[in-house]
Structures are given as structure tokens and as C-alpha cells.
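Everything on this sheet refers to the single structure shown next.
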Amino acid sequence: MSELHIGLDDTDSQKGMCSTYVVSQILQKLDLRKNLISPPELVRLNPTIPWKTRGNGALSIRLKLGQKNIENLKKEIIELVEEYREESSNSGVVFFDNDPRNIEELRDFSKKAVKEIVKIQNARELAKEYGEAYEFGNGQGVVGAVCAVGYVFSDYTFELIGYRKKERWGTERDLEKNSVKKISKKYSPTIWDNFDWRNSEMVLSPNSPCPVLFGIRGDSKERIIEASKELRGEEVVLKQLFKTNQGTDEHLQHKKNIDKIKPYTSVIIKGEVVREPETIEGGHVILGICGEAGNVIDCAAYEPTKDFRNTIRKLIKGDTIKVFGGVRKKPLTINLEKIKIIDLAINSEEKNPVCPDCGNRMESAGKEQGYRCRKCSTFANKKVKIFRERELEEKVYEVPPTARRHLSKPLIREEQD
Ligand SMILES: [Zn+2]
């Protein structure tokens with residue numbers, strides 16, 4: 001029995017289409033569902049890359065084929081990609097006749113692409129050596145295509161995508177909010193990030209003019225499929241389940257020293273707050289943390305993270321926290337996805353003592369002369385320390401689902417481990 005492993009990326013653009021739709025069409029139009037070795041895979045690659053298309057997701061299809069003419073099938077797939085791909089996109093398609101996950105070089109390349117920047121040259125070489133590649137536009141998509149096809153899951157989740165009727169693409173989506181709330185409640189915690197309770201917003205529906213009506217995310221494919229049947233709204237013409245590395249934190253790398261942090265990667269690092277949170281223009285909150293080696297880096301909770309910013313604003317100098325997030329370049333800043341509070345500093349302030357008779361604050365009686373109340377002639381030697389309660393706990397705080405990166409692991413999954 002022969003196999004065919006297909007990798008595909010960058011058929012979409014900012015304005016429409018979606019690579020998952022192209023994959024769903026390939027499976028349906030060429031009647032390949034029965035040949036699937038596993039569900040098609042949606043692999044999210046490094047989310048900090050500035051030139052990525054929307055979610056930086058690449059796709060693979062793994063097939064077991066009987067007597068089918070493989071060369072002919074490849075031709076048919078390319079024809080469908082050409083038909084559906086956005087003209088301005090830089091699509092890449094690769095075919096491997098043997099399971100590329102058995103090739104160490106390819107596996108490593110895929111894993112690297114989730115965390116760092118990989119070179120198109122390397123992707124082209126790998127495709128040429130072990131398979132075959134088709135490029136469109138500037139060919140950038142070949143990177144994702146090679147990564148998706150060589151990717152081996154560590155942790156994984158699922159997403160079931162429902163597609164709209166073609167006539168409705170670009171129009172307002174009709175999805176009953178109540179049904180979304182209902183499934184989110186009923187199937188929690190095995191499905192997650194479909195509704196944002198804090199902001200009362202549907203997260204499972206994109207805003208772009210693409211063919212997607214919804215994408216239900218979660219850990220159990222059975223529960224996701226059940227939930228999809230309970231959604232109410234406009235007609236769904238096609239549903240496709242994907243296995244994915246979404247919600248796994250695979251992009252994050254533990255770093256010991258701040259000076260080792262590179263732009264366009266995502267990190268976990270422990271530090272002490274040395275510059276207190278400040279709200280800048282646009283509503284973004286910036287603070288500075290200092291790592292073990294003494295270097296300081298900015299951390300940001302951007303405006304779209306909404307009430308997460310209020311948590312960040314409560315941090316004070318001396319708090320020890322672990323931060324999780326992608327690193328942008330100028331200036332080097334960690335874009336916070338979540339924080340873990342390790343140790344809260346004591347929030348205290350020295351104030352003049354209170355008069356025991358009238359209850360007013362005493363005044364200084366002169367340099368090193370103590371404090372007195374003029375009215376009651378009472379006297380005290382020293383200032384007093386006032387302790388303020390911290391409104392934070394030593395736990396993890398995360399951005400709301402509306403602001404979450406695809407790869408970022410929601411707390412609800414952490415709690416199930
Ligand atoms: Zn007094």
C-alpha cells in the first residue's frame with residue numbers, strides 16, 4: 001500500500017481564503033476522506049514572524065492509497081490549489097511518497113520552525129532531496145509546507161471548522177450567540193476558547209471575509225463534533241476536523257538570561273519587576289523586569305488584552321514573576337500572553353503618625369525632631385509604616401481568549417493536566 005504525504009501553506013491572504021478550506025476541498029472533491037491515515041493537520045508555526053499570513057498555520061494531508069494513480073492525483077491536487085489559492089499569495093505545495101516524519105532532518109526543521117525563523121533555502125533543499133515541491137508567487141509557502149509534512153506532535157488538540165456557502169462569503173456571519181454560549185458551557189473544559197465570557201464575545205468566528213463560519217477548539221474530537229451539531233445559525237456546507245498544535249505553548253522556550261533573548265522568538269523567563277507598569281498612548285501597559293544576570297527587558301500588555309492590563313497594572317517593584325510571550329524587535333519587548341506570579345513584594349509606605357487624640361496626621365516638628373500635633377500638643381518619635389493589601393495572588397494570569405495566540409496554552413488546559 002503506497003502513501004502520499006502532502007504539505008501545503010500560504011494559499012490565503014489578508015483579504016480572504018483560508019488554507020484549511022483548500023485542504024477541505026481537496027479531501028472532498030477528490031473523494032480522499034476514506035484514504036486519510038489521520039485527520040489533516042494544522043500546524044501553527046512561529047507566531048512572531050512579521051511577514052506571516054494571518055495565523056501562520058501550515059497544513060498536511062496524509063493518505064494511504066491503493067491502486068490510485070499517484071502521479072495523476074498530484075496533478076489533480078495542484079489543479080485544485082491553483083483554482084482556490086488567492087492570487088497574491090505565495091503558496092507552496094510539497095509531496096512525499098514516504099512518511100517524511102521518519103527523516104530526522106525534516107522533523108528537526110519542523111520543530112525549529114515553531115520556535116524560530118527558518119530559511120526558505122533549507123526548506124527547498126529538503127523538499128528536493130526527499131520529495132517534490134511546487135511554488136507559486138515568491139514561493140515562501142514552501143517553508144510551511146515542508147514544516148507541516150515533517151511535523152511530529154508532542155502535545156496536540158483539535159479544531160473542527162465549519163464553512164459557509166460561497167454566496168455568503170464576505171457578508172456578516174449569522175451564528176446564534178446563545179448557542180455558542182450554550183456549547184461553551186456544556187462541553188467545558190474539553191472544548192475551550194470558543195466564547196470569551198469576560199468580554200462577552202464569540203471567539204470561534206473569524207472577522208475576515210474567508211469561508212470559515214466557525215472553528216471549535218478543544219481536546220476531545222468527539223465532544224467537538226457533538227458541540228458542532230448544537231450550533232445554530234446560517235447553513236454550514238462543509239465541516240472538517242483538524243489535528244493541531246494550537247493551545248500547547250509549543251512556541252515558548254525557557255530562557256535563563258535576558259541577554260540571551262532573541263527577537264522573533266517566544267520565551268518564558270523569570271524576573272523581578274524593576275520598572276512599574278505604565279500606561280502609554282493607545283492603552284498599552286509597559287513594565288520592566290530584570291533577570292538573574294541583571295539585564296532589564298520591557299514587557300507589554302497591549303490594548304487588545306483588555307482587562308489583563310488591570311492585572312499587570314497592579315504589579316509593583318520587587319514582585320517576582322515569570323512572563324510568557326513573543327519577543328518583538330524595536331525596542332526588544334516581550335508581548336505578554338500570560339504571567340505567573342511567583343512572589344509578591346510587600347506594598348508599604350512610610351507616613352507621618354496619627355495623633356492619638358484627634359486622629360489627624362501629625363506634622364514634622366523639624367529635622368530629626370519627631371512629629372507633633374499642634375492642636376493637641378501630642379508628640380511621636382517616628383514615622384509609621386502603612387501596609388497596603390495586594391490585590392493579586394501567587395498564580396497564573398492569562399490574556400482573554402479574544403487576545404490569545406493560536407499556540408498559547410489556555411489555563412483551562414493546564415488545569416486538566
Ligand atoms: Zn491632635
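The values are calculated or read from the model by the stated rules, or taken from the named source; none is laboratory data. All figures in this text were calculated on a predicted structure; none of them were measured in a lab. Because the Cβ atoms are built from the backbone with ideal geometry, glycine has one as well, and the counts that use them run over all protein chains shown.
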Across (1) acidic (Asp, Glu); (2) free of Cβ contacts under 8 Å to residues at least 40 places away in the same chain; (3) out of contact with any helix residue (DSSP H, G or I) (no Cβ under 7 Å at 6 or more places or on another chain), residue 105 clears everything bar (3)
Looking at region 114-224, what helices (runs of 4 or more DSSP H) fall wholly within it and have at least 3 residues that are within 19 Å of the chain's Cα centre (by Cα)? 141-150
Taking region 271-318 and the residues there that are without any contact (Cβ under 8 Å) to a residue 60 or more places away in the chain and of a type in the set (Asp, Glu), the one that is surrounded by the fewest Cβ atoms within 10 Å (Cβ to Cβ) would be 281
List the residue pairs whose Cβ atoms are under 9 Å apart, where the first residue sits in region 400-416 and is touching a residue at least 40 places away in the same chain (Cβ under 8 Å), the second is among the aliphatic types (A, V, I, L, M) and part of a loop (DSSP other than H, G, I, E, B), and the two are 6 or more positions apart or on different chains. 400/203; 401/203; 402/203; 404/203; 405/399; 407/45; 408/399
Can you tell me which of 58, 113 is farther than 22 Å from residue 240 by Cβ, in the same structural domain as residue 133 (by TED's automatic domain parsing) and surrounded by 22 or more Cβ atoms within 10 Å (Cβ to Cβ)? 113
Checking residue 372 against (1) in the same structural domain as residue 281 (by TED's automatic domain parsing); (2) within 16 Å of the ligand (Cβ to nearest atom), which single condition isn't satisfied? (1)
Exactly one of 343, 319 is touching a Leu at 6+ places or on another chain (Cβ under 6 Å), closer than 19 Å to residue 258 by Cβ and more than 16 Å from the ligand (Cβ to nearest atom), and that one is 319
Taking region 58-85, which residues are in contact (Cβ under 8 Å) with a residue 60 or more places away in the chain and not in a loop (DSSP other than H, G, I, E, B)? 58, 59, 60, 63, 64, 65, 70, 73, 74, 77, 81, 84
Scan region 331-380 residue by residue and report those that are among the β-branched types (Val, Ile, Thr) and either without any contact (Cβ under 8 Å) to a residue 12 or more places away in the chain or within 30 Å of residue 289 (Cβ to Cβ) (or both). 333, 334, 339, 341, 342, 346
Which condition number in (1) surrounded by 23 or more Cβ atoms within 10 Å (Cβ to Cβ); (2) at pLDDT 95 or above; (3) within 13 Å of residue 144 (Cα to Cα) is the one that residue 41 fails? (1)
